[in-house]
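K.L.:
Here's a structure for you.
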Amino acid sequence: MVAHNPLFSGRWTIKKFNATVVNDIWPEVAFFSLVAAMVALVSEKTSHQLVIPNQLLTVLGTVLGLVISFRTSSAYERYQEGRKMWTNITIASRNLAQMFWIHVPFERDNKGEQKKITALEAVIEKKTMVNLVQAFPAAVKHFLRGEPGVYYQDLYPLVCILPRYANLPPAEHTEDDMLPLWRACEDEDHPYDPKSRNIRSVTDSDHDHKAHTNSLPNHLRAETLVEGTESDKSWFRSMNGKRASTRRTFDPEKVLPTVDTHRPLEPARNPPETTVYDYFPIFRLFRWLYRLILRRAKPAHEIKREKEKRRKRLAVESNVPLEICLALSSYSAFLIRSGLLQPALATGVTNNITMLQDTLSNLERIRNTPLPFAYQAHLRMSLWLYLFFLPFQIWINFKYLTIPGTAFASFLLLGFLEIGQEIENPFNYDLNDLDLDSFCLNIQRELQQITAHTSPDPHSYIFTGWNQPFAPADRRTAEQMIATGEEYVRPGSKDEPGMSSIRRTLVRSWRDIDHMTRRHDGVRMIIFLTKAWFHKARYTTSYNRYCIHNSKHLNNHSNNGFTLLPINVKLLRGPCGRAGPTHA
């Protein structure tokens, strides 16, 4: 079977090209190729020989290769660890949703801290907590991407139910009472009025908010792409603001609750736009100079205002995933106090919430602990020096082949170095990063599948005509066996009714399954001879080798119920022009 090659599978597009590191390293490769061309031309066309001894070439190349390999391996370990942490989030989310949905009872009585509620209220309560579990991976996604706050289309509809103030009604709400989850998300452009009524309340029918989740003005639902986003477009399309008209639309946020909000919500996925600077990095120098000149041209009061606004934004921080874990822990404590969870299940709920917190800490460690700057800078500068002096050392042997040789060496070494730097933080929007959006959507689908489970009575599907529990020894259905109204007896047997007959039936099923699911050497021999019948005579040699190699092993299995053919078998021409086995 031919191995799958991702480089040549599917259609070659700009998106696949951007997934490579060619557009990141080509300026450096071009620079060192020009240095090699300069060395070759000067050494060939003039009397000067730009040659230096190459004694250190092998040693330095080996050392740099090992260091770059270590750099790439350490970055890939971080990539793999990030994927494992997201697997832990998936497992814990499934477990919590199953425990909340299946094991928390629907019917409750007035006992202790329990309050009698209807089945509808119990379902709403449990489904709400499952929605909070669904909100956790979305919050972790935005947290890892450096997107603070909760005002996102895939997060706010799920967490907007959480309280905003420390003092509950009828106490007056003030800005000082606002909890950290919401205090850190507010800004001057969209202030929240604490004296306003609950905009999500059904009784507030006269408010002016629209009955849907608002989005940013420049983000239209109908323009969300399936196969890519703004970053997938070429730089000239991103500058012109045009979109590919042939792509379909995809809007997973439509299935979330429709709520009102006092400020626009940002899109669930907001990658940076691809510009000309991504393909021509040299132009970033001119952009930096332009911004520097423009910054000096700004009035002093505007610069001071921007600094104060940035300082105020950083003054209050809130860990949104941690706030969701606190809400889940509070609900777990309520269930334990009310006696709605058995001790073993309460331990399971606590362990899974702890797993979410541990996973969050590990993901935060991966994101906030890059390789030391000194290590990265020294490695890159050493590689630059090695590639710069490489053509001076190999010109004497390669002549004009020095140019493509230097270009290939630059592409190889710089490519591995850039790959390690790109996958070091696998949580961003790069095409080689982990697909966090896909992980969140998979968790969302699985949680909804759990809540669609009806927890039926096992007797409703066990004793039916679809169930054959004793197959293959007994092909009768459970409904037919129960309808006899007698003790079990296997059909066609003279066993005594009762458990002894059941045990013999189960042993018979094991014997049949063990025999039918094993392929013995005799069976392989028959299959081989059948294939040889339909092949040409050139397979005679391989067949004889097979028989000689397995002769002793086949003779030991001659009593397995198969008739083994003699070893000396000749493939002769059959009547239809095919080769057929005949005994010698």
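K.L.:
Quick one: L158 ticks every box in (1) under 19 Å from the mean Cα position of the chain (by Cα); (2) within 14 Å of Q444 (Cα to Cα) bar one, so which box is it?
P.N.:
Of (1) under 19 Å from the mean Cα position of the chain (by Cα); (2) within 14 Å of Q444 (Cα to Cα), only one is false for L158: (1).
K.L.:
Test of understanding: among T90, T118, which residue is within 19 Å of R445 (Cα to Cα) and hydroxyl-bearing (S, T, Y)?
P.N.:
T90
K.L.:
Report yes if L294 is part of a helix (DSSP H, G or I), surrounded by 10 or more Cβ atoms within 10 Å (Cβ to Cβ) and modelled with pLDDT under 75, otherwise no. Lay out the reasoning, then the answer.
P.N.:
On the way: part of a helix (DSSP H, G or I): yes; surrounded by 10 or more Cβ atoms within 10 Å (Cβ to Cβ): no; modelled with pLDDT under 75: yes.
Against the criterion (part of a helix (DSSP H, G or I), surrounded by 10 or more Cβ atoms within 10 Å (Cβ to Cβ) and modelled with pLDDT under 75), L294 does not qualify.
K.L.:
So, one more: Output the residues belonging to the range 42-64 that are free of Cβ contacts under 8 Å to residues at least 24 places away in the same chain and either among the hydroxyl-bearing types (S, T, Y) or in a helix (DSSP H, G or I) (or both).
P.N.:
V42, K45, T46, S47, Q55, L56, T58, V59, T62, V63
K.L.:
I've got another one for you. I'm checking my understanding of the structure. Among residues of the range 461-506 that are part of a loop (DSSP other than H, G, I, E, B), open to solvent by 70 Å² or more (accessible area, probe 1.4 Å) and of a type in the set (F, W, Y), which one is modelled with the highest pLDDT?
P.N.:
For the range 461-506, the residue satisfying everything is W466.
K.L.:
A further question on this structure: Kindly provide the set of residues from the range 417-452 that are at pLDDT below 90, more than 18 Å from K84 (Cα to Cα) and in a loop (DSSP other than H, G, I, E, B), ordered by number.
P.N.:
Scanning the range 417-452 gives Y429, D430, L431.
K.L.:
Please count how many residues of the range 71-87 are closer than 18 Å to C325 by Cα and either basic (K, R) or open to solvent by less than 50 Å² (accessible area, probe 1.4 Å) (or both).
P.N.:
Looking only at that region, the number is 2.
To keep it simple, each residue is scored yes or no on (1) aliphatic (A, V, I, L, M); (2) open to solvent by 20 Å² or more (accessible area, probe 1.4 Å).
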residue: R108; (1), (2): no, no
residue: G112; (1), (2): no, yes
residue: A122; (1), (2): yes, no
residue: V140; (1), (2): yes, no
residue: Q153; (1), (2): no, no
residue: I161; (1), (2): yes, yes
residue: A166; (1), (2): yes, yes
residue: P169; (1), (2): no, yes
residue: A184; (1), (2): yes, yes
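K.L.:
Next question, about the same structure. Pull up the range 259-291, narrow it to residues that are touching a helix residue (DSSP H, G or I) at 6+ places or on another chain (Cβ under 9 Å) and among the basic types (K, R), then point me to the one that is modelled with the highest pLDDT.
P.N.:
Checking each candidate, the answer is R269.
K.L.:
Let me ask you something else. Between a residue in the range 165-184 that is over 16 Å from V150 (Cα atoms) and any residue that is open to solvent by 50 Å² or more (accessible area, probe 1.4 Å) and of a type in the set (A, V, I, L, M, F, W, C), which pairs come within a Cβ distance under 8 Å, given they are 6 or more apart or on different chains?
P.N.:
Partner pairs satisfying both residue conditions: A166/L179; D177/A166.
K.L.:
Can you give me the ranges of the helices (runs of 4 or more DSSP H) entirely in the range 318-400 with at least 2 residues that are in contact (Cβ under 8 Å) with a residue 12 or more places away in the chain, over 22 Å from P180 (Cα atoms) and open to solvent by 80 Å² or more (accessible area, probe 1.4 Å)?
P.N.:
Values: elements: 320-337, 343-368, 373-398.
Qualifying helices (runs of 4 or more DSSP H): 373-398.
K.L.:
Contact list please: Cβ distance under 7 Å, first residue in the range 410-423 and of a type in the set (V, I, T), second residue assigned to a helix (DSSP H, G or I), pairs at least six apart or on different chains.
P.N.:
From the range 410-423, the pairs are I419/T72; I423/A75; I423/Y76; I423/Y79.
K.L.:
If the requirement is being more than 19 Å from P27 (Cβ to Cβ), at pLDDT 90 or above and not polar (S, T, N, Q), which of these qualifies: L414, L387, L401? Explain how you work it out, then say what you get.
P.N.:
Values: L414 fails: more than 19 Å from P27 (Cβ to Cβ); L387 fails: more than 19 Å from P27 (Cβ to Cβ).
The match here is L401.
The values are calculated or read from the model by the stated rules, or taken from the named source; none is laboratory data. Everything numeric here is computed off the predicted structure, so don't read it as measured data. Note that each Cβ is placed from the backbone with ideal geometry, even for glycine, and that neighbours are counted across all protein chains shown. Heads up: the accessible areas ignore ligands, DNA and RNA and are worked out on the full protein's heavy atoms, side chains in. Shrake-Rupley method; radii C 1.70, N 1.55, O 1.52, S 1.80 Å.
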